[in-house]
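The values are calculated or read from the model by the stated rules, or taken from the named source; none is laboratory data. Remember, predicted model here, so these are calculated numbers, not experimental data. Cβ placement follows ideal geometry from the backbone for every residue including glycine, while neighbour counts extend to all protein chains displayed. The accessibility values were calculated without ligands, DNA or RNA, using every heavy atom of the protein model including side chains. Shrake-Rupley method; radii C 1.70, N 1.55, O 1.52, S 1.80 Å.
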Amino acid sequence: MRNRRKILLIDDEEDFCFFIKQNLEHSAKVLVDYAANPDRGIAMARKDPPDLIFLDVMMPGKDGIKIIEILKKDKKTMSIPIVMLTAVEDDATKLKAARYYCEDYLVKPVSRQRLEDKIDEVLNRQGQIRA
Amino acid sequence: MDKQKILVVDDEAIIRQLLTRSLLKEGYEVETAEDGNIALEKAKKTSFNLLITDLKMPKKDGMEVLKEVKRTNPYVELIILTGYPTIETAVEAVRIGAFDFICKPFDVQAMLTTIKQCLEKQKYQIKHIELSELMTFAEITRLITSVFELEPLFNRILDSALSITKAKRGSLMLIDPKTRALNVKAARGLDKNIIRNTEINLNEDISDKAVQGKEQALTSSTLNIPLVSISSRSKGNALGMLNISDKVSEESFTEREKTLVFVLAGQAAVAIENAGLYLQLQENIDGLRKVIAQLNDTQNQLIQTEKLAAVGHLAFGIAHEIRNPLGIILGGVELLNNTLCKNDNASDEVVGKIKNSIDRANNIIVDLLKFSRASKLELKLVDLGKLLDEAAALVASRARLSNVEIEKNFPKENVRVNADETVLRQVFFNLYTNALDAMPKEGRLKLSISLNGKNKENNGKKENFVTVEVADTGKGIREEELSNIFNPFFTTKEPGKGTGLGLSIAHLILERHNGRIDVKSKVNEGTTFVVKLPQAA
């Protein structure tokens, strides 16, 4: 059996992270780790780089845009595809995220199906590029 | 003081010599004539105070001479000297206003006393006439300077000049500063066609000389007086011309009349200049009023923009604070559905309803965020027909499914407006969606664009408006609901089918485009939304 894909979710809403983890892992296709603290999230990405990161924008301490900047400058994490998953919907934030080659921008609330489709789409694209 | 001038007319040289000697001694200026014709010649050249004449003379009778001199110089005094007095000549002399009727031979001393009395009387009479003329003139000047509208002023100046000179015909002409031609501005006693077609270039006739030279150009029966203002503003240049002719009495204009009209022309020029300044001031004031209106308009728009920005800021905050818990609820419901209640139809239905409620709540946020976007419009020239087509394409498949026919009636030429394309397309998409909601089974959606011409809708400014009508043949809206239709959160749709923000957003967006939206509706016949937008130049 193929290895389950590793997803890292960085979001300060812990309940949200818990439900996403439970829902996505239910299909047995992915493994989800999550961090409700931005610095912890960065550390986890560096220590064990995931296949994809879902990243919130508005968080205490460091916002999502700052986090992408850090991860994209770090050799260990720069190739990890990042999808913004946030309640913030404004053009300026979307533009900033796009400037750091963020893969996509999803606005909450998002159904499990949509998340699974997005994971498949991004990782397949990623696989094609690597192949 | 000038010497008083006396003309002695007699065919007897001895009488002429006697009177001349005596009168010169008294300090008078004397001229003589031996017959009527010479007398008339001299009277034409000099304005005499007194005419002493014999009656029976060769060539021309003394009475004729008197009548003719009196006609050109009404103030001249007359003394008749005759060797053949008759009742008839005495009556005639009184009739033409002779001061005395003296028979030859006469006593020189008595004659001198009569002359003295006569000239004293004339002096007071002239002073009296001058005073009354001056009073009339002062009143005329006061009237002229109290008129600030140009046309009534022109007419009053001309009427005053005609009244002073007792003339029937006249015109007032002004120089057009651009073409340098004289145009008639007021006229009396002239044919309308002449007035309309008269435009004299400043090289053509007597007017030219008068205006250029600023001299009083005179002919015997016509006065052409330049209108030269004494103010420093005009720098002594003539503004135009006052032309007077045809005295009622068919006589020539007197020196006195010429002088008065000349002075009047000077006053009139100042009055015309002042009226021009007044008009200019009025225009400036009107301009200022417009600027103030525009400032108010801009201020209101700024306030509106500020308000919208505040709503936008609030909407942004609300969106974040509500979407997070919505995300948690959706995640939680999906988890429950997957783990606890699997394959249970009843719980699937409950989960479905919760998900629908999450969508409803989220749609309100989506619409609220549209409010915030209306605060930062990006205006550019937009082809309205194309934009309506694009919005129609978005609902085309839904219209087909509901058997709704889309009818378009657009003008052949492109109609352009200054608009934020995305936002305006959204407005029409909303209107089409509402129309389709009102026609679930079948119907007709009619879209039309028409050009209205001038319309005073925007703050008194005249602008060309474009009208777009979006009409459906649906169930219509009740009258009591129509007045609320643009209020936020008001909806006639079933719960969950609409947020009640679409039309209030449309209203706001069109207001931000200096346009407006109105609605008319009849139950069971249909609803028409009428959108008006300023047409781009």
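Accessible surface area normalised per residue over the protein assembly as shown is 54 Å², counting heavy atoms of protein chains with a 1.4 Å rolling probe. When a/c is below 1.5 the answer is rounded, else prolate if a/b is larger than b/c, else oblate, so apply that to the stretch B:5-133 with a ≥ b ≥ c taken from the square roots of the Cα gyration tensor eigenvalues. Rounded.
Of the residues making up the stretch A:76-103, those losing 50 Å² or more of accessible area when the isolated chain is joined by the remaining protein chains, with a 1.4 Å probe, are A:87, A:89.
Across A:18, B:154, B:410, the residue with the most accessible area heads the list, and the full order at a 1.4 Å probe is A:18, B:410, B:154.
For chain B, the residue among B:466, B:303, B:271 whose Cα projects farthest onto the positive side of the dipole built from Cβ charges is B:303.
In terms of its C-alpha gyration tensor, chain B comes out prolate, because a/c is 1.5 or above and the ratio a/b outweighs b/c. Dipole magnitude for the protein assembly as shown: computed about the Cα centre from +1 point charges on Lys and Arg Cβ and -1 point charges on Asp and Glu Cβ, it is near 1620 debye.
Mind grabbing the interface size between B and A? I mean buried accessible area, both sides, 1.4 Å probe, in Å² to the nearest hundred.
Numbers: alone 30460 and 7610 Å², together 36250 Å².
The summed interface area works out to 1800 Å².
Summed over all non-identical Cα pairs, the Kirkwood treatment of the protein assembly as shown gives a radius of 35.5 Å. Please say if the stretch A:5-130 is rounded, prolate or oblate, where rounded means a/c under 1.5 for a ≥ b ≥ c the square roots of the C-alpha gyration tensor eigenvalues, and otherwise the choice is prolate for a/b larger than b/c and oblate otherwise? Rounded is the answer for the stretch A:5-130, as its axis ratio a/c remains below 1.5. Computed from Cα positions, the angle between helix B:255-339 and the longest principal axis of chain B comes to roughly 10 degrees.
How many percent of the accessible area of chain B is carbon or sulfur, using a 1.4 Å probe?
On chain B, the fraction of accessible area on carbon and sulfur atoms equals 51 percent.
Neighbours of residue B:391, meaning other residues whose beta-carbon lies under 13 angstrom from its beta-carbon, give a summed charge of 0 when Lys and Arg score +1 and Asp and Glu score -1. The share of accessible area on chain A that comes from carbon and sulfur is 48 percent, using a 1.4 angstrom probe.
Over 24 Å between Cα atoms, which of B:45/B:104; B:42/B:166; B:5/B:70 qualify? Where the Cα-Cα span goes over 24 Å, the pairs concerned are B:45/B:104; B:42/B:166.
Panel note: contact residues of the stretch A:1-31 (accessible area lowered by at least 30 Å² against the chain on its own; 1.4 Å probe) correspond to A:13, A:16, A:19, A:23, A:26.
Too long at a 25 Å Cα-Cα cut-off: which of B:25/B:60; A:29/A:108; A:47/A:108? Please report the intermediate quantities before stating the final value.
Values: B:25/B:60 29 Å; A:29/A:108 22 Å; A:47/A:108 28 Å.
Long pairs (Cα-Cα over 25 Å): B:25/B:60; A:47/A:108.
Going through the stretch A:1-49, which GluC sites (Glu not before Pro) have at most 11 other Cβ atoms within 10 Å and a DSSP loop state? It would help to have the intermediate numbers written out before the result.
Working: sites: A:13, A:14, A:25; in loops: A:13.
Here no loop site has a sparse enough neighbourhood.
Contact residues in the stretch B:313-328 by the 50 Å² criterion (accessible area, 1.4 Å probe, full protein complex versus chain alone): B:316, B:320, B:323, B:324, B:328. Only aspartates and glutamates eight or more places from residue A:72 in sequence, or on another chain, were considered; those with a Cα closer than 20 Å are A:11, A:33, A:39, A:48, A:51, A:56, A:63, A:103, A:104.
Listed values for the stretch B:388-397 are Karplus-derived 3J(HN,Hα) couplings in whole Hz (6.51 cos²θ - 1.76 cosθ + 1.60, θ = phi - 60°), namely 5, 5, 4, 5, 5, 4, 5, 10, 4, 5, and x replaces Gly and Pro. Seen against the Cα atoms of chain B and their longest principal axis, helix B:502-512 is set at about 30 degrees. Magnitude of the charge dipole for chain A, about its Cα centre and with charges confined to Cβ atoms of Lys, Arg (+1) and Asp, Glu (-1), is about 720 debye. Give the calculated FRET efficiency between residue B:103 and residue B:138 to the nearest 0.05, with a Förster radius of 35 Å applied to their Cβ-Cβ distance. Taking R0 as 35 Å, the efficiency between residue B:103 and residue B:138 is 0.15. Cross-link reach is defined here as a Cα-Cα straight distance under 24 Å, omitting same-chain residues fewer than 8 places apart; for residue B:386 the lysines meeting it are B:370, B:376, B:408, B:412, B:446, B:454, B:532.
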